[in-house]
Structure formats: structure tokens, C-alpha cells
Amino acid sequence: VADPAELRVALFGTGFMGRTHSIAYAILPSFFPELPLVRRQVVVDVTEDLARRGAHQFGFAEWTTSWQEAIARSDIDIIDIVTPNDSHEPLANAALAAGKHVLCEKPLALTAAQARAMADQAKQSKGVAMVVFNYRRAPAVVEAKRLIESGAIGRVLTFRGLYLQDWAMPDGTPWSWRFSAERAGSGSLGDIGSHVLDIASFLVGDVVAVAAAAETFVPKRSLPGAAGHAAVDVDDCTIALLRFQGGAIGTLEASRFSHGRKNHLSFEISGTKGALSFNWERSNELNFYSAADSSNVQGFRTIVMGPANPGGDALWPIPGIGTGYIESQVFQVGEFVRAIVHGQEEGSSFAHGFKIQTVMEAIAAAAQNGAWTPVSTDETK
Ligand SMILES: NC(=O)c1ccc[n+]([C@@H]2O[C@H](COP(=O)([O-])OP(=O)(O)OC[C@H]3O[C@@H](n4cnc5c(N)ncnc54)[C@H](O)[C@@H]3O)[C@@H](O)[C@H]2O)c1
């Protein structure tokens with residue numbers, strides 16, 4: 001069992017997620033003082049300007065535009081990949097081949113075949129490899145799991161998962177890598193639907209078959225800062241029916257075209273004895289209905305997260321102070337560093353990332369062929 005007093009991270013990418021991961025490393029010791037410090041050593045981006053600005057803004061000691069140089073350094077323990085999806089596979093595989101620990105943003109890859117290659121590489125590497133599914137780390141989501149496992153809602157019958165946003169509505173949003181199959185793999189499905197599928201897998205179990213419909217509402221978009229347009233060849237919205245291993249059935253709706261919904265990652269799970277519901281826009285609240293309550297007081301109760309809930313001992317002294325997006329990334333990074341210390345991946349290994357990718361691929365195929373489609377159950381090597 002390794003017990004390094006200090007780890008050093010090279011961060012690849014200085015965009016939205018580069019920022020949140022950097023904050024998570026910086027404040028990790030105030031949440032988990034028992035874990036090794038993670039030094040923000042070197043930041044990598046494709047231009048000198050981006051890399052230099054990233055180092056300054058995110059508190060890294062050094063910057064470079066060469067990812068090869070960062071991976072080759074013997075003083076770097078962790079490679080954190082927060083780049084667009086098309087670079088996940090080459091960067092992660094090179095890092096794992098060099099024996100580094102790898103944290104990679106979701107979706108793990110562009111395709112299931114790529115994700116399988118990454119999971120195989122992770123199995124052969126001495127490094128710990130995890131894919132970021134930060135939303136499942138929210139105390140309310142972990143409390144939902146605890147309640148399900150304790151039998152509080154009985155056997156799960158149905159799952160309804162939504163991830164709705166409206167930033168891609170026609171007026172105003174220019175083309176970006178998120179609208180390109182070559183760079184993103186898929187649209188709403190991989191970008192936000194992957195989080196719902198992760199939560200479904202975490203709380204209900206494996207998805208074994210799917211049916212689906214998908215649509216691209218705006219087939220071309222203006223190029224940022226330039227004349228002309230580029231094609232959109234990914235889904236703007238995907239809706240799927242899900243069959244789970246244990247007999248439950250469910251739905252997934254992933255859309256960047258839902259007016260009024262900003263970051264509406266929500267689920268409702270009904271079982272034989274009760275139900276649970278959650279919406280990220282009220283991320284401190286878990287709603288729980290118990291059929292065991294006497295009928296005069298039956299109704300969903302709203303539990304406000306606090307020290308008695310999962311992860312609460314790392315948080316604030318009374319309930320209701322609140323946790324948000326950054327805390328979800330701190331919990332994610334904490335789990336990753338704990339896995340390095342203990343030498344094993346917990347919940348979201350690359351093998352899990354591959355499994356989610358196989359469900360997404362089955363959903364994309366089902367949307368094309370209009371038929372119920374089994375999810376491939378092939379294991380990695
Ligand atoms: N977990 C979440 O909640 C969440 C949220 C948003 C994005 N993401 C994921 O995070 C990843 C990054 O998304 P983002 O929103 O930060 O994107 P972004 O476009 O804001 O930033 C990406 C950065 O990576 C840089 N880059 C591109 N190729 C690179 C390379 N080879 N080496 C180093 N840097 C490179 C770009 O120049 C840019 O600075 C994506 O995989 C996305 O799906 C996850």
C-alpha cells in the first residue's frame with residue numbers, strides 16, 4: 001500500500017473543468033486532512049497563452065504546451081484530463097503506459113471500442129484510473145443509495161432520470177466542439193446523459209436493453225468569431241427507455257433544448273415501499289416518501305443534507321449550510337486520492353466508464369434502428 005505524503009498533478013486543459021478540478025485540489029486538505037496533499041505542479045494547454053494564464057489563474061507552479069513532456073516527468077504522479085473528449089484516449093493511454101495515476105473527465109471516450117482500450121490499458125497499468133462522475137458524489141445522491149440499500153423503498157420498480165439544460169437553444173449559441181461527433185462522440189447523450197446513466201447504474205443497477213429516439217434540432221451553427229457555419233452532427237436531445245438487470249424499467253431524457261431548465265439533473269425512483277426524488281438545482285435536498293408512514297401524514301418529506309448524511313463529517317457543523325458543484329468535485333478528487341493511497345479504484349473505474357459507454361452506444365444504435373437493443377455485456381481483458 002502506497003502512502004505518499006504528497007502527490008503532484010499535471011492538469012491537461014484549462015477550460016471549465018480545468019478550473020473546477022484545480023479548485024478541488026487546492027481545497028482538498030480542508031475537507032480530507034488525512035489524505036496526501038496534491039501539489040498543482042504543471043498545467044498543459046494547446047497554446048502558450050492558455051497554458052500560462054491557466055498556471056496563474058489555477059495556482060500551478062509551471063506550464064507547458066507539451067503533454068508528452070508532462071507525462072515523461074518522473075516527479076509527476078497524477079495526470080488529470082479535462083480536455084475535449086477526442087483527446088481522452090490518447091492522453092490517458094500514454095499516461096497509463098508511463099505508470100501515472102489518471103483522472104479523466106466523462107464521457108470516458110468517443111466510442112465503446114475506445115473506452116474498452118482504455119479500460120484494458122488501465123488494468124495492465126500500475127496507476128489508478130478513474131472517470132469523473134462527480135454528481136453521484138453529492139451527499140443527497142449517496143443518501144439515496146444508502147436508503148435504497150437499507151430497504152427503505154423496497155424493491156426498485158421504476159427509474160426516471162432527466163438531465164435538462166437550455167444553453168443550446170437556437171438563438172445565440174455558436175458552434176463548439178460539443179456539437180461535433182468527431183470531437184465529442186455524441187451530443188446531449190454523452191455530455192449530460194452520461195451522468196444520468198452513471199446515477200442509474202449507481203442506484204438501480206446495470207442497464208441491459210434500451211429503446212430510444214434522438215433529434216438534432218439545429219443542424220448548423222455559426223462559427224465563433226468568424227464568418228460561416230459548421231454542421232452539427234450530434235444529438236441535441238436523446239430520450240430512451242431502459243430495462244435494468246434486476247427487473248426495474250426506466251427512462252432517460254438528456255436535452256440541451258429544455259427552456260427554463262438550467263442544470264436540471266433529476267431523478268425519481270419508485271419502489272414497492274416508497275420513493276425518492278432529487279433535483280441538482282436543489283442539490284442539498286433529498287425527497288423521500290415512505291408508504292410505512294401513517295396515511296394522515298403521508299407525503300414526500302424533504303431531507304436537508306447535513307452532518308448525519310454521507311460525507312457530512314467532512315462538511316459543515318449543521319444541516320442546510322449547503323453543498324454545491326465544487327464540493328462534488330472535491331468528493332470526486334478525494335475518492336481518487338484515497339484510491340491511490342489504497343491501491344485500488346472505487347466506484348468509477350475506467351471499467352465502469354466503459355460500461356456506461358456501452359449503454360450510450362446501445363442508445364445511439366436504438367435511436368437509429370428504432371428497435372429495442374441489448375447492451376453489450378462484453379468484459380474488458
Ligand atoms: N463532470 C462535469 O460536470 C463536466 C462538466 C463540463 C465538462 N465536462 C467534461 O470535461 C471535459 C472538458 O470540458 P470543458 O467544459 O472543460 O471544455 P473547455 O472547452 O472549456 O476546455 C477544454 C480545454 O482543453 C484544452 N485542450 C484541448 N486539447 C488539449 C490537449 N491535447 N492538451 C491540453 N489541453 C487541451 C483546450 O484548449 C481548452 O482550454 C470534457 O470531456 C467534458 O465532457 C465534465
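What the table below lists for this structure:
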{"quantity": "Note, ³J(HN,Hα) from phi for the range 256-270, Karplus 6.51, -1.76, 1.60, rounded to Hz, x at Gly and Pro", "calculated": "9, 10, 10, 3, x, 9, 9, 9, 8, 8, 9, 8, 9, 10, 10"}
{"quantity": "Per residue, in Å², the accessible surface of the range 1-138 once ligands and nucleic acids are set aside, probe 1.4 Å", "calculated": "39"}
{"quantity": "Segment residue 262-residue 294, extension gain: residue separation times 0.36 nm, minus the distance between their alpha carbons", "calculated": "7.9 nm"}
{"quantity": "Inter-centroid distance (Cα atoms) of the range 165-206 relative to the range 101-131, Å", "calculated": "19"}
{"quantity": "Karplus 3J(HN,Hα) series, Hz, for the range 308-314 with 6.51 cos²θ - 1.76 cosθ + 1.60 (x for Gly, Pro)", "calculated": "7, 9, x, x, x, 5, 8"}
{"quantity": "Low-density loop cleavage sites - trypsin sites (Lys or Arg not before Pro) in the range 103-187, where at most 13 other Cβ are within 10 Å (DSSP)", "calculated": "126, 155"}
{"quantity": "C-alpha center-to-center spacing [the range 207-258, the range 323-381] in angstrom", "calculated": "18"}
{"quantity": "Computed FRET value (nearest 0.05) for residue 126 with residue 16, which takes r as the C-beta separation and R₀ as 41 Å", "calculated": "0.85"}
{"quantity": "Residue pairs, from the table 106/145; 220/355; 100/145; 123/145; 262/355, whose Cα atoms sit over 24 Å apart", "calculated": "220/355; 100/145; 123/145; 262/355"}
{"quantity": "With DNA, RNA and ligands ignored, accessible area of residue 321 (1.4 Å probe; Å², nearest 10)", "calculated": "100"}
{"quantity": "Amide proton proximity set for residue 157, modelled H, under 5 Å, gap of 5+", "calculated": "270, 271, 272"}
{"quantity": "Solvent-accessible area, 1.4 Å probe, carbon plus sulfur percent, for the chain", "calculated": "53"}
{"quantity": "Efficiency of FRET between residue 6 and residue 342 - r from beta-carbon atoms, R0 25 angstrom, step 0.05", "calculated": "0.90"}
{"quantity": "Label-point separation in nm, residue 26 to residue 223, each point 7 Å along Cα→Cβ", "calculated": "3.5"}
{"quantity": "Accessible heavy-atom area order of 25, 325, highest first, probe of 1.4 Å", "calculated": "325, 25"}
{"quantity": "Theoretical FRET efficiency, 1/(1+(r/R0)^6), r = Cβ-Cβ of residue 182 and residue 61, R0 25 Å, to 0.05", "calculated": "0.15"}
{"quantity": "Rounded to 5, percent antiparallel among DSSP beta bridges of the chain", "calculated": "60"}
{"quantity": "Residue order for 249, 303 - accessible surface, 1.4 angstrom probe, largest first", "calculated": "249, 303"}
{"quantity": "Overall form of the chain per C-alpha gyration tensor (a/c, 1.5; a/b vs b/c)", "calculated": "oblate"}
{"quantity": "Percent of Cα-Cα distances greater than 19 Å, calculated over the range 80-132", "calculated": "10"}
{"quantity": "Between the range 259-295 and the range 5-39, the Cα center-to-center distance that results, in Å", "calculated": "31"}
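The values are calculated or read from the model by the stated rules, or taken from the named source; none is laboratory data. In this text, all values refer to a predicted model and were calculated from it rather than measured experimentally. Using ideal geometry, Cβ is built from the backbone for each residue, glycine included, and neighbour counts are taken over all protein chains shown. Keep in mind that these areas ignore ligands, DNA and RNA; they rest on the heavy atoms of the full protein, side chains included. Shrake-Rupley method; radii C 1.70, N 1.55, O 1.52, S 1.80 Å.
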